[in-house]
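The values are calculated or read from the model by the stated rules, or taken from the named source; none is laboratory data. What you see is a predicted model, and the numbers here were worked out from it, not measured in a lab. Counting neighbours? That spans all protein chains shown, and the Cβs are built from the backbone with ideal geometry, glycine included. Areas reflect the complete protein model, heavy atoms only, side chains present, ligands, DNA and RNA absent. Shrake-Rupley method; radii C 1.70, N 1.55, O 1.52, S 1.80 Å.
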Amino acid sequence: MSLKKYLEAGKIGKEARELGKELIREGVSYYEVAEKIERYIRDAGAKPAFPVNLSANYEAAHYSPVKGDNRYFRRGDLIKLDLGAHVDGYISDTAVTVEVGTNKWESLIEASAEALNNAIKSIRPGITTREIGKVVEETLGFYGYNPIRNLTGHGLGRYDLHHGLVIPNYDDGSKDKILPGMAFAIEPFATNGKGYVHEGKGGNIYIFRKWNNLKGAYAQMFEEFKTLPFAARWCTKYENYESLLKKGAFLGILYHFPILHERKKFMVAQTEHTILLTEDSVIVTTR
Ligand code: CO
């Protein structure tokens, strides 16, 4: 594990998140906010580990704007800002929820933030992932909310955003353990609904699912994005990029991330940090 690079990625991810929180205001465009955050990450010497996600209200995750996007933040919107930075493949992944101009969903936001805090406090070498899930579920329950059961935290590997571990937001009975040397993200999703998301239509985020024998533009794109998710708007320099991406998904070269919706359109809040466990400490890189 490269501690130094993980810490650097964490620091930049945190700063980018704090910048994003300030930028999300009524009337501002999603495109402008995503681009400014990603530029901040690049200017700070890292790269985005995945496209800035700006998912609204009952959308839990995976909306990232396209070039010419006509979505603007509206008063009352509940926005999940989820972003990542990487330094030489060492990733930070962090999220915060912002309510635009109102405070109707303050307790939902607080529930997910507090669930994350309590989950972090519970970490020790050898803790099972189900125990962390139980802490998240109980904290959300205390506020009167449910976790989203089919969204989870995850292990982090070099150039690998979802590596090994699954960290549930409820007690799923898993016996997987968190051990020193592991890097991972915990991300409680709180909802006033039952707690399941389903797949909506495709968003604007892709990842390579085939790595070998890539030709032409796909080979160049793989060279650029490697095994990390990327945005359609990062591909404008490739000729006919929109059809290239569509065709890549159709051929199974690319995976096209669907936007995830709370099943009955209930509201969703999310908070996320990246954590490193060493022999004698719990390091939250994005705090
Ligand atoms: Co994550």
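Cross-link list LYS67/LYS265; LYS11/LYS47; LYS5/LYS47: which exceed 18 angstrom alpha carbon to alpha carbon?
Pairs exceeding 18 Å: LYS67/LYS265.
Using only the Cα atoms of the chain, what are the Rg and Dmax in Å?
My reading of the Cα-based Rg and Dmax gives 18.1, 54 Å.
Within 10 Å, count the other beta carbons around each residue, average over each peptide in 41-48, 12-19, and list them highest first.
12-19, 41-48
Given LYS121/LYS175; LYS194/LYS246; LYS36/LYS201; LYS80/LYS226, which pairs have Cα atoms separated by over 31 Å?
The answer is LYS194/LYS246.
So if I take the centroid of the Cα atoms in region 134-180 and the same for region 1-51, what is the distance between those two points in Å?
Region 134-180 and region 1-51 have Cα centres spaced 24 Å from each other.
Across every pair of different alpha-carbon atoms, what Kirkwood hydrodynamic radius in Å does region 204-258 reach?
When all Cα pairs of region 204-258 are included, the Kirkwood radius is 10.9 Å.
Show me the trypsin sites (Lys or Arg not before Pro) within region 156-258 that DSSP assigns to loop and that have at most 10 other Cβ atoms within 10 Å of their Cβ.
LYS175, LYS215, LYS237
Using only alpha carbon pairs under 8 Å that are at least six residues apart, calculate the relative contact order of the chain and give it in whole percent.
23
What part of the accessible area of the chain, given as a whole %, is carbon or sulfur when the probe is 1.4 angstrom?
49
Would you mind calculating the gained length between TYR255 and HIS163 on full extension (0.36 nm times residue separation, minus the Cα-Cα distance), in nm to one decimal?
Extra length from TYR255 to HIS163 when fully extended: 31.4 nm.
For LYS104, list the aspartates and glutamates whose Cα falls under 16 Å from its own Cα; do not include residues on the same chain fewer than 8 positions away.
In chain and number order, the partners are GLU26, ASP77.
Using a 7 Å offset from Cα along Cα-Cβ at ARG42, what residues in region 197-239 end up with backbone N under 19 Å from the label point?
204-207, 220-239, by backbone N distance to the label point.
What is the spin-label model distance, in nm, from ARG209 to SER243 if the labels are put 7 Å beyond Cα along the C-beta direction?
2.3
Averaged per residue, what accessible area in Å² does the chain show with a 1.4 Å probe, protein chains only?
On a per-residue basis, 45 Å².
Rg(Cα) of region 177-287 divided by 2.2 N^0.38 Å?
Ratio of Rg to 2.2 N^0.38 Å for region 177-287: 1.37.
Return one quarter of the surface area of the convex hull spanned by the alpha-carbon atoms of region 1-103, equal to its mean projected area, in nm².
So the Cα hull casts an average projection of 6.3 nm².
Taking 0.36 nm per intervening residue step and subtracting the Cα-Cα distance, what contour gain separates LYS104 from GLU32 on full extension?
So the extension gain works out to 23.4 nm.
Quick check on region 126-219: what does the Kirkwood estimate of hydrodynamic radius come out to from the alpha carbon pairs, in Å?
Evaluated over region 126-219, this radius sits at 15.2 Å.
List, in order, the whole-Hz ³J(HN,Hα) value for each residue of region 68-81 obtained from phi through the Karplus relation with A = 6.51, B = -1.76, C = 1.60 and θ = phi - 60°; use x for Gly and Pro.
Going residue by residue, I get x, 4, 9, 8, 10, 5, 10, 4, x, 5, 10, 9, 8, 9 Hz, with x marking Gly and Pro.
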